[in-house]
1. For the structure I just gave you, tell me whether Gly221 is within 27 Å of Trp396 (Cα to Cα), surrounded by fewer than 16 Cβ atoms within 10 Å (Cβ to Cβ) and at pLDDT below 95.
2. Inspect segment 198-214 for any residue being touching a Gly at 6+ places or on another chain (Cβ under 9 Å), closer than 23 Å to Thr391 by Cβ and in a helix (DSSP H, G or I) and give the result as yes or no.
3. Among the numbered criteria (1) at pLDDT below 95; (2) of a type outside the set (Val, Ile, Thr); (3) under 22 Å from the mean Cα position of the chain (by Cα), which one does Pro336 miss?
4. Among the residues of segment 327-363, which ones are among the hydroxyl-bearing types (Ser, Thr, Tyr) and over 15 Å from Ala230 (Cβ atoms)?
5. Any idea how many residues of segment 160-172 are farther than 17 Å from Lys437 by Cα and either within 12 Å of the ligand (Cβ to nearest atom) or of a type in the set (Asp, Glu) (or both)?
6. Looking at Arg459 and the list (1) closer than 22 Å to Phe163 by Cα; (2) modelled with pLDDT of 95 or more; (3) basic (Lys, Arg), which single condition is not satisfied?
7. So for segment 27-36 (the condition being of a type in the set (S, T, N, Q), touching a Gly at 6+ places or on another chain (Cβ under 7 Å) and either part of a loop (DSSP other than H, G, I, E, B) or assigned by TED's automatic domain parsing to the domain that holds Ser445 (or both)), does at least one residue qualify?
8. State whether the residues of segment 21-29 include one that is in contact (Cβ under 8 Å) with a residue 12 or more places away in the chain and either over 25 Å from Thr148 (Cβ atoms) or more than 27 Å from the chain's Cα centre (by Cα) (or both).
Amino acid sequence: MDKKSEILESVLDEFKNLAAIPRQSGHEQAVSDFLKKYLTEAGFSVQQDEVYNIIADAPTSPGYEKAPLTIIQGHMDMVCVAEEGYSYDPHKDPIKLVRDDKYLSAEGTSLGADDGIGVAEGIYVLKNAKDHGPLRLIVTVDEERGMTGAVNLEDKYLADASFLINCDSENWDELTVGCAGSVNLDFSRKLKRTAPQGKAAWKISVNGLLGGHSGERIGDGRGNAIRTLALALQALQEKGLVEVADFRGGKARNAIPDSAAAVIVTDLAEEEINEILFVELGRFNKIYGSVDPKAKFQAVKAELPAEVLTAGDAKRLLSLLTILHTGVFAMSTVIPGLVETSANLGVVEMKADEVAVQYFPRSAVDQKIDEFRHFAQQIAELTGFTAHIGTQSPGWKENKDSRLAKIMAETFKAQNGQPMKVETIHAGLECGWHFRKNPQLDMVSIGVTTTDIHSPKERLELATVEPQVKLILETLKKIAALK
Ligand SMILES: [Zn+2]
C-alpha cells in the first residue's frame, strides 16, 4: 500500500465506525459513548460533557509543550434522510456505505459525511500528528438542528486555545474565514373557521421552483413558492369572493420553498381562475424566470370543505405572507458578491385552529439581526399574529490578521500547486458560537469535497481526503514552530 492510500484508508476506517452507529441530531448518546471509550482507549484524555459533546486532548509532542493549543472540531450528529420507499429507521439502522473509484455514498440514505468525515479526519490527526503542540479534538452534538452542542459547550474548553480548525465545510480547496448569524422567527395565530359561502373548492398549487439552501442560494434571485402562492390568492380575491380553507408550503426554515398549496372555495369559474394564474405566472417569470424558469401553477377541483377561515383570518395570513420580505436585503460592502443580510420565508403549517409561519433572517452583522427581532414584533402587531423570537446564532466576523488562515493558505498552495479560495459565507457555522465564547480564537473552517449533503444523494469525493489531512498535519507543525 502506498502512503497516499494509507491516509485515505485509515480515515475511512474511522468513518466506518461512525457510520455503523445511528446518530441523528438529538439522538447522539450512543455515538458519544462510543467516542468516549474509543478515544480513551487510543490514549487520549477524554471528557464527555452534559449534552454529550466529546472533548479529547492528545499528548503533546515532546519539546512542544509551550506551543499554542490548537482545536480540531467537528460534529457527530447527521441529517438522516432516505430515498422514497427505502426502508430506513434512523434510530436503529446503520448507514450502508457504497464505494466506487471516485466516491463514497450510502445505499438509500444520506451518507453523514457531514460531518462524520470531519470527525474521522480529526481522530486520524490526533492519532498520527507529529511535532505538534497541545492538541484537542472537540466533537459536538446537534449541529444540524440548532447547534445546541456548540451553544452548551463550556467556555473553558475554548478559553485556553489559540487556534481552531473547524472541519465542517464542503470544498477541499476553500478556506472559510467568517460566517453569518441568524435568528429563528416564528409567527402564529389562532384561527376561527366558518361555513363557506362559495360553492366550489379548488386546490391551487405552485411547484417546480428551484428552492435550495437559504444560506447558499438566497443570492441567486430564485422565487419563493409560499410568497408566490399568497400573491396569486390575493390576485384571485380581487376578482371575486375567494375563501381560504388551507394553506401550506415549505420543508424547513433554512430551505427556500419550492412548492406550496392552498385549498380555496370560490364561485369564480375555472377559466377565470386559470386566466388569473396565467397572468400571475407571467409576472413570476418576468421577475424570476431567468434563474427559476420552471415554476407552474395548477388548479384542481377539490372536495368542498365544511369550514373555511374567516375572511379576517385569511386576509391577515395573506398579508403576513406577502409583507415579509424574502430574499436578499443587503450585499456586503466589503466582499464583492457576498450576501450580507437576507431572510427566507421558509414554512407555513396550518392546523384546524392555528397557523404557524417560519421566517429565517441571516446577517453577517449581528446588529441587523437585532433589527429583525424588533421588526418581527412590529409586523406581528400590524397583522394580528404573535411573534416568537427564538435562538439567535451569532455570526463569526472575518479576522483580517488571522495567522491560521495565512498558514493554511500558504501550506495548501505549497502542497497542491494552486491557491486556496479564501471566503466568508452567508450560512451559519458553529464557529459563530466559538467566536462569541472566545473572540481571541483564530479560526478557519475547511472540509473535504461533499455534494448534495442532507439528501440521499450525498457523496464524498475520495481524492480530496488525503490532501486535506496533509494540510492539517502540516499546519499543526507550523503552529508548533510559531514564536
Ligand atoms: Zn455539518
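1. yes
2. Yes; the residues of segment 198-214 include at least one that is touching a Gly at 6+ places or on another chain (Cβ under 9 Å), closer than 23 Å to Thr391 by Cβ and in a helix (DSSP H, G or I).
3. Failing condition for Pro336: (3).
4. Ser332, Thr333, Thr341, Ser342, Ser363
5. 4
6. Unmet condition: (1).
7. Checked against the condition, which is being of a type in the set (S, T, N, Q), touching a Gly at 6+ places or on another chain (Cβ under 7 Å) and either part of a loop (DSSP other than H, G, I, E, B) or assigned by TED's automatic domain parsing to the domain that holds Ser445 (or both), segment 27-36 yields no hits at all.
8. no
The values are calculated or read from the model by the stated rules, or taken from the named source; none is laboratory data. Since this is a predicted model, take the numbers as computed values, not measurements. In this analysis, Cβ positions are derived from the backbone assuming ideal geometry, glycine residues included, and neighbour counts consider all displayed protein chains.
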